[in-house]
Structures are given as structure tokens and as C-alpha cells.
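The values are calculated or read from the model by the stated rules, or taken from the named source; none is laboratory data. Since we're looking at a predicted model, the values are computed, not measured. Reconstructed Cβ throughout: ideal geometry from the backbone, glycine too, with neighbour counts over all protein chains shown.
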Amino acid sequence: MLEVRHLKKSFGTLTAVNDVSFSLRAGELVGLLGPNGAGKTTTVSMISGLVAPDEGSVLVGGAPLAGDTDPKKRKIGLVPQDLALYDELSANANLRFFGALYGLSGTGLEQAIERTLTLVGLADRAKDHVKNYSGGMKRRLNLAAGLLHDPDILLLDEPTVGVDPQSRNAIFDNLEQLKAAGKALLYTTHYMEEAERLADRLVIIDGGRVVADDTIAGMRARVPSANGERVSLETVFLALTGRSLRD
Ligand SMILES: Nc1ncnc2c1ncn2[C@@H]1O[C@H](COP(=O)(O)OP(=O)(O)OP(=O)(O)O)[C@@H](O)[C@H]1O
Ligand SMILES: [Mg+2]
């Protein structure tokens, strides 16, 4: 569904993403894991077309994305790390705005708004101003905005930051449903427990480079366990990068 080949991006003298490659299949959730500044958001931004790569390519369904007007871009949905919502507008009005950006209008748009608000459990708050939403509700609306145009590929950049356990579970249930519907999901996080719960496979990046790309079982098998106990992903990360995920 999605293939990322040799992506590279520098900001001045800093190489934020350095030769990153991985792929994502339909019905699969891949966790993109790494500490602050590892290059996760820059990678996601290049896939979604917000940032132009210095080198490398992004392939959707086997064909390279060619610029902003490529219709294949519509297959990608982005749930950005920084909330992109208008506080002074209702949830409905926010989604109408984002839907229009994707060329949705009329009944198609109204149906998409209803479908996504129901999915994230906000249908009964559709008319409320976003400024009156809690942090978790804003995160869920942010998710709805990324899903409006029913993308096959969903890029989620730390979608649960500041979300209480209940909303977090609601988001996880939404993601499980999307996965079961055959969507391909890339999930950026530095929460190991989220990765363990959701991901079929992990891509660990550090200093802009992929240091491991494997299933969770495969990751664990890389690190010898001291006394037959299950190796935690935190331990795996430490062994692979020499530092803790939250450094
Ligand atoms: N627009 C930019 N201009 C200059 N430097 C940038 C820019 N965007 C990112 N960087 C730098 O690139 C590196 C990678 O940043 P990025 O946001 O991709 O990391 P991240 O893995 O998403 O981190 P976090 O977990 O904190 O979200 C960092 O050192 C960051 O300061
Ligand atoms: Mg980030």
C-alpha cells in the first residue's frame, strides 16, 4: 500500500531523516517509534507531502507520488501531532472546512462528517465550539478530520498525547476498526505500551536512521533474556540505541 524509499531530509547542517525506508501493507498497523527529535514527524510530513524530501521517494500502490496534484495523494490521510483545528468554530464547521480541502461537498460531505464524528464518538457534540472541547475531544476531532475523505493510508503522529485513558481506549478501538477494514496505518509514538497493544510491526528510528524494522516478537528475540522472562520493548530499544526512548 505504501512504500518509503531512502528518504532523506536536512535542515541546514542537521540531517533529520537519513536514508529511511520501510513499507506498510493493507490491514497492517506499523508503529514508528523513536525518542524526541528522532525524525518521526519529518518522515510523516514527507509521506504526506507537507515537506519535500531532499532524496528518496514515496510510493502509493507501487507508483511514486508525483507532486501535490497527484490524485494518489487522496489515498493518504494525516492526523498531525500539532492539533489543526479552529477553536472558534463548531466541530461540524471544522470538518466542513477540512472536507472542502479534499474536494468534498454537498451530501457526500455531510455524510462523511456524520460517519467520522460517529466513529470518534463526538456525534452528539457536533455543534459545540471546539474551544469548549476537552483535550481528548480535540484529539478525537483531529482524528476525524484525517478520516473524512476515507483514506486507505492513515498517518497518525502521536494521536493520543494529552488524552485520558478512556478517550485513549476509544481511539484505539477506532484504529482497530480501521485496521479490520483493511486500512494501512502508520502510528507514531514514544509510548511502548501503545506500540505493544496496537502494532503488527515496529520501525524504530533514532538520529534519523532506521535501527530496526521487525515484528514485536522479532524485536524481543534480538535481546537475550536474563532469566527466561519476557524482554520488554523498552529494554529492546535501549539495547538497539544505547539510550532510553524518553531521553
Ligand atoms: N522545520 C524545521 N527546521 C529546522 N529543524 C527542524 C525542522 N523540523 C524538524 N527539525 C529538526 O529535525 C529533527 C527531527 O525532528 P522531528 O520533529 O522529525 O522529530 P520527532 O521524532 O517527531 O520528535 P518528537 O518525538 O519530539 O515529536 C529535530 O532535531 C528537529 O529539531
Ligand atoms: Mg514528532
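Those residues that are assigned to a helix (DSSP H, G or I), among the β-branched types (Val, Ile, Thr) and surrounded by 18 or more Cβ atoms within 10 Å (Cβ to Cβ), I need them from region 107-121; list them, please.
Here is the first cut: in region 107-121, the ones assigned to a helix (DSSP H, G or I) are 107-119.
Those still in the list that are among the β-branched types (Val, Ile, Thr) too: 107, 113, 116, 118.
113, 116 - these are the residues of region 107-121 that are assigned to a helix (DSSP H, G or I), among the β-branched types (Val, Ile, Thr) and surrounded by 18 or more Cβ atoms within 10 Å (Cβ to Cβ).
For region 193-223, give me each residue that is touching a helix residue (DSSP H, G or I) at 6+ places or on another chain (Cβ under 9 Å) and modelled with pLDDT under 90.
193, 194, 195, 196, 197, 216, 219, 220, 222, 223
Check region 1-9 and report whether any residue there is within 10 Å of ligand 1 (Cβ to nearest atom), surrounded by fewer than 21 Cβ atoms within 10 Å (Cβ to Cβ), assigned to a strand (DSSP E or B) and of a type outside the set (A, V, I, L, M).
From region 1-9, those within 10 Å of ligand 1 (Cβ to nearest atom) are 9; that's our starting set.
Within this subset, residues satisfying the condition of being surrounded by fewer than 21 Cβ atoms within 10 Å (Cβ to Cβ) are none.
No, region 1-9 contains no residue that is within 10 Å of ligand 1 (Cβ to nearest atom), surrounded by fewer than 21 Cβ atoms within 10 Å (Cβ to Cβ), assigned to a strand (DSSP E or B) and of a type outside the set (A, V, I, L, M).
Would you check if there is a residue in region 122-140 being surrounded by 15 or more Cβ atoms within 10 Å (Cβ to Cβ), among the β-branched types (Val, Ile, Thr), modelled with pLDDT under 95 and part of a helix (DSSP H, G or I)?
no
Please determine, by comparing only the residues of region 208-238 that are acidic (Asp, Glu) and free of Cβ contacts under 8 Å to residues at least 24 places away in the same chain, which one is farthest from residue 197 (Cα to Cα).
Taking region 208-238 as the starting set, the residues that turn out to be acidic (Asp, Glu) are 213-214, 229, 234.
Now restrict to residues that are free of Cβ contacts under 8 Å to residues at least 24 places away in the same chain: 214, 229.
On the way: 214: 15, 229: 19 Å.
Top of the filtered list is 229.
Those residues that are touching a strand residue (DSSP E or B) at 6+ places or on another chain (Cβ under 8 Å) and away from ligand 1 (no atom under 16 Å from the Cβ), I need them from region 151-171; list them, please.
If we filter region 151-171 for residues that are touching a strand residue (DSSP E or B) at 6+ places or on another chain (Cβ under 8 Å), which is where we start, we get 151-160.
Listed by number, the residues that qualify are 151, 152, 153, 154.
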